[in-house]
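Structure, as C-alpha cells:
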Amino acid sequence: MNSWWSRLLAAAAFLLIPAAASAQVAEADAAWNQGRYGAAREAYLRALTQDPASVRASYRLGVLAAWDGNLDSALTYLAQARVADPDDPDVRVMQAQVLSWAGRYPEAIAKWDSLIALYPDRLDGLVGKARTLSWDGEEQAADSLYRVVLERDPMNGDALVGTAQLAYWDGRTGEAIAGYERALSYRPNDASARSGLAQVYLAAGRQLDAQAEADSAVAIAPANREAVRVQTSVGRTVQSAADLTLGWSDDSDDNVMWWQVISATTPLSNRVRGFGSVGAFEGSSTPAVTAARGTAEWGATYTQDRWQLTGAFGVQGLWPDAGVARSVLTGRLGATYRFQPAVAVGVSYAHFPFAETAYLIGAGIDIDAVDATVDATLGAGLSLSAGGGAGWYSDGNQRGSAVLAVTKQVPRHFFVGGLARMVWYAETEPGYFSPDRFTVVEARGGYARVGEDWETRLSAGAGVQQITSSGSWEFEGHIEGRAAWWFSRWNRLEAFAGVSNSAYLSATGAYRWGTAGLVLRLGL
C-alpha cells in the first residue's frame, strides 16, 4: 500500500513541477515584456529551481547576466540552456555574442560558423560573425561579410550599422554618417545606430548634433548600456565645463614652480567650441630668485569633417622680485588636415614668453615657434607620429627639433613603442638649456584604460641620451601616471604625477625633474 502511494506521489510531482515551472516562466516572460527585468530575473530563477532543464529560464538569465556585464555567469547559464536543447538557434546566437563581448574571438567565430552551417538562412549569424571579426581587427573580412548580408537584404539595419562603424573607424566620417542615417531611415528607433551616429558627429565637430543623437539613443533604450555609455562620453566632451588645476614641479637645479589655473570650455555653435583660462604661477630658483607669472587666454576651435582650426590670444604678466615687470601679448594658431583616413598633418605657430623658471621670468626672453606634425595609422593598433619645428628667441638664439614615435596597442589595455628626439640650438646660453645638439632614444610602454566612472594611464620609458654632440651617452628614463574618477555624471577629480631624468624636460637641463598635481572638473 505504501509503495503504491509513493509511486502515485512521485508521478504527481513529476507532473506538477514542470507545470509550476511553466507558470513561473510565463510570469517571468510577462515581466520581461513590461521591462521589469529585476522581477523577470527572480521569476526565471524560481523556474530554474523547479525545472533545471528549462531552456527559456536559462537563456533569459544568461541574457540578463550579459546585459549586466557578468559575462562568465552569462556563459554558464547559456551552456546550461545548450545542454537542455543543443540546437536552439537563439541560444547559439547569444552564446556566440557573449563570447565576442568577452573578447574570446576565436571561440566566438567558431560558434558563429557552427550556427551559419546549421541555419544558413539566418542573417544574424553572418552579422554576428562580421561584428566579431571587426572587433578582432579583421576589418576587411568584416566589411566583406556585411556586404554579403546587404546583397541578400539591402535594408538590414545591423549590417548597415556595421559598415558605418567600420567607415568611422577608418576615418571616413562622411560615409559613416550616410550609413547610419540610412539605417535609421529603416529603423528610426535603433539605439545602436543613434549612439554610433553620435560618436561620428562628435568626431566631425558637430557637437550639438552629437549630444542630440546620444540623448535620443538613451531615450529609446534606457537600459542599453552602450547607449548610456555613449551618451555619457559625448556629454563629457560636449558639456560646458570648468577645470581647476593645482600643480607643482621642481628639478635638481632647485627650480620650483607652483601653479593654479582655472580654465573653461563651452560649445558656441555646432562646429565651434570656445575656451578660456586664467592662471597664476609662482616660482623660485637658486640663488635666491623668486618670481610670479599671470596668464589669461581666450580662443576657439572650429571643426570640419577633414580639418580643424584653433586660434587663441592672451596676455601674460611677468613679475620678477628683482628686475623689470612686463606684460607680453601671446597668440597661437594651429590647423590639422586629414587628407586620408589614416593620415593627418598639422601645423602651428605660437608667440609666448620663455618663462619656465623664476630666473627666466625676469630674463625678458620671448619665443616665436613653428611646428609641423604627421600622424599615421599603419595597421590595427599601430600608429606613427613624426614632427619637426623651429623656434626664434628674442635674445638672438634659434632652436630646431625633430621627433619620431611609434606606438602599438597590445591586448589587455597595454601599449608599447619607441621614440627618438633631437633638439639643437644655434648658440649655447648659460641661462637655459640650449645644447648644440641633444639626442634621446628610448623604448616606451604603458597601460591605459577607461571605465564607466574612472580612467587610468601609466606610462614609462627607458633609453639613452646624449646631452651635447661631443658628450657621452648616458641612461635616460621617466615614469608618469594619471588617474581620474568621475564622481558624478559630469564632474571629475584627477591626479597626476611624473618623474624623469631627461635633460630635455627641464628648462635648465637638470638631471632630475618631477611634477604632480590635481585637476577638478565641474560640468556647467
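The values are calculated or read from the model by the stated rules, or taken from the named source; none is laboratory data. Not measured: the values here are computed from a predicted model. Cβ atoms come from the backbone with ideal geometry, glycine included; neighbour counts cover every protein chain shown.
Of all the residues that make up the stretch 487-513, how many are in a strand (DSSP E or B) and either among the β-branched types (V, I, T) or buried (at least 19 other Cβ atoms within 10 Å of the Cβ) (or both)?
Total meeting the criteria: 4.
Would you be able to tell me the number of residues in the stretch 358-383 that are among the aliphatic types (A, V, I, L, M), under 26 Å from G171 (Cβ atoms), surrounded by 14 or more Cβ atoms within 10 Å (Cβ to Cβ) and modelled with pLDDT under 95?
Here the count works out to 1.
Of the residues V403, V410, only one is crowded, with 16+ Cβ neighbours inside 10 Å and either polar (S, T, N, Q) or over 22 Å from R306 (Cα atoms) (or both); which?
After applying the criteria, what remains is V403.
When you check G162 against the structure, is it touching a residue at least 60 places away in the same chain (Cβ under 8 Å) and either out of contact with any strand residue (DSSP E or B) (no Cβ under 6 Å at 6 or more places or on another chain) or not acidic (D, E) (or both), yes or no?
no
Residue by residue through the stretch 200-242, note down the ones that are in a loop (DSSP other than H, G, I, E, B) and either acidic (D, E) or in contact with a strand residue (DSSP E or B) (Cβ under 9 Å, 6 or more places away or on another chain) (or both).
Once the filter is applied, which keeps residues that are in a loop (DSSP other than H, G, I, E, B) and either acidic (D, E) or in contact with a strand residue (DSSP E or B) (Cβ under 9 Å, 6 or more places away or on another chain) (or both), the stretch 200-242 yields A204, G205, R206, Q239, S240.
I'd like the full set of residues that are β-branched (V, I, T) and within 26 Å of A223 (Cα to Cα), limited to the stretch 69-116.
T76, V91, V93, V98
Within the stretch 146-181, count every residue that is surrounded by 18 or more Cβ atoms within 10 Å (Cβ to Cβ) and either farther than 20 Å from G125 by Cα or of a type in the set (G, A, S) (or both).
13
Return the residue satisfying two criteria in turn: it lies in the stretch 316-335 and is over 30 Å from A167 (Cβ atoms) and in contact with a Ser or Thr (Cβ under 6 Å, 6 or more places away or on another chain), and of such residues it is surrounded by the most Cβ atoms within 10 Å (Cβ to Cβ).
Residue satisfying both the conditions and the ranking: Q316.
Can you tell me which residues in the stretch 286-308 are out of contact with any Lys or Arg (no Cβ under 8 Å at 6 or more places or on another chain) and not in a loop (DSSP other than H, G, I, E, B)?
Hits for the stretch 286-308 are V289, T290, A291, A292, R293, G294, T295, A296, E297, W298, Q308.
Pick from Q409, Q398: which is polar (S, T, N, Q) and under 28 Å from S327 (Cα atoms)?
Of Q409, Q398, the one residue that is polar (S, T, N, Q) and under 28 Å from S327 (Cα atoms) is Q398.
Within the stretch 206-256, which residues are within 29 Å of T290 (Cβ to Cβ) and within 21 Å of the chain's Cα centre (by Cα)?
Answer for the stretch 206-256, where residues must be within 29 Å of T290 (Cβ to Cβ) and within 21 Å of the chain's Cα centre (by Cα): just D243.
How many of the residues in the stretch 430-451 are under 17 Å from the mean Cα position of the chain (by Cα) and loosely packed, with under 14 Cβ neighbours inside 10 Å?
3
Would the stretch 183-191 turn up any residue that is surrounded by fewer than 17 Cβ atoms within 10 Å (Cβ to Cβ) and among the aliphatic types (A, V, I, L, M)?
no
Please indicate, with yes or no, whether at least one residue in the stretch 452-462 is of a type in the set (S, T, Y), over 30 Å from P320 (Cβ atoms), at pLDDT 95 or above and under 33 Å from the mean Cα position of the chain (by Cα).
So far as the stretch 452-462 goes, yes, one or more of its residues are of a type in the set (S, T, Y), over 30 Å from P320 (Cβ atoms), at pLDDT 95 or above and under 33 Å from the mean Cα position of the chain (by Cα).
Residue under question is G311, and the condition is that it be without any contact (Cβ under 8 Å) to a residue 24 or more places away in the chain and either farther than 18 Å from M257 by Cβ or part of a strand (DSSP E or B) (or both); does it hold?
For G311, the condition - without any contact (Cβ under 8 Å) to a residue 24 or more places away in the chain and either farther than 18 Å from M257 by Cβ or part of a strand (DSSP E or B) (or both) - is met.
Could you list, in sequence order, the residues of the stretch 376-409 that are among the hydrophobic types (A, V, I, L, M, F, W, C) and touching a strand residue (DSSP E or B) at 6+ places or on another chain (Cβ under 6 Å)?
Across the stretch 376-409, the qualifying residues are A376, L378, L382, L384, A386, A390, W392, A402, V403, L404, A405, V406.
Please go through the stretch 446-491 and pick out each residue that is touching a residue at least 60 places away in the same chain (Cβ under 8 Å) and either basic (K, R) or touching a strand residue (DSSP E or B) at 6+ places or on another chain (Cβ under 7 Å) (or both).
Result: W486, R489, W490.
Give me the pairs: first residue in the stretch 264-287 and closer than 13 Å to L360 by Cα, second residue of a type in the set (S, T, N, Q) and assigned to a strand (DSSP E or B), beta-carbon distance under 6 Å, and six or more apart or on different chains, which are they?
Listed by first residue and then by second, the contacts come to S284/T290.
Could you list, in sequence order, all residues of the stretch 105-144 that are of a type in the set (K, R) and crowded, with 17+ Cβ neighbours inside 10 Å?
Passing the criteria: K111, K129, R131.
Let's see how each residue does on (1) more than 28 Å from E175 (Cβ to Cβ); (2) surrounded by fewer than 17 Cβ atoms within 10 Å (Cβ to Cβ); (3) charged (D, E, K, R):
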site: E213; (1), (2), (3): no, no, yes
site: V234; (1), (2), (3): no, no, no
site: V238; (1), (2), (3): no, no, no
site: D251; (1), (2), (3): yes, no, yes
site: V261; (1), (2), (3): yes, no, no
site: V278; (1), (2), (3): yes, yes, no
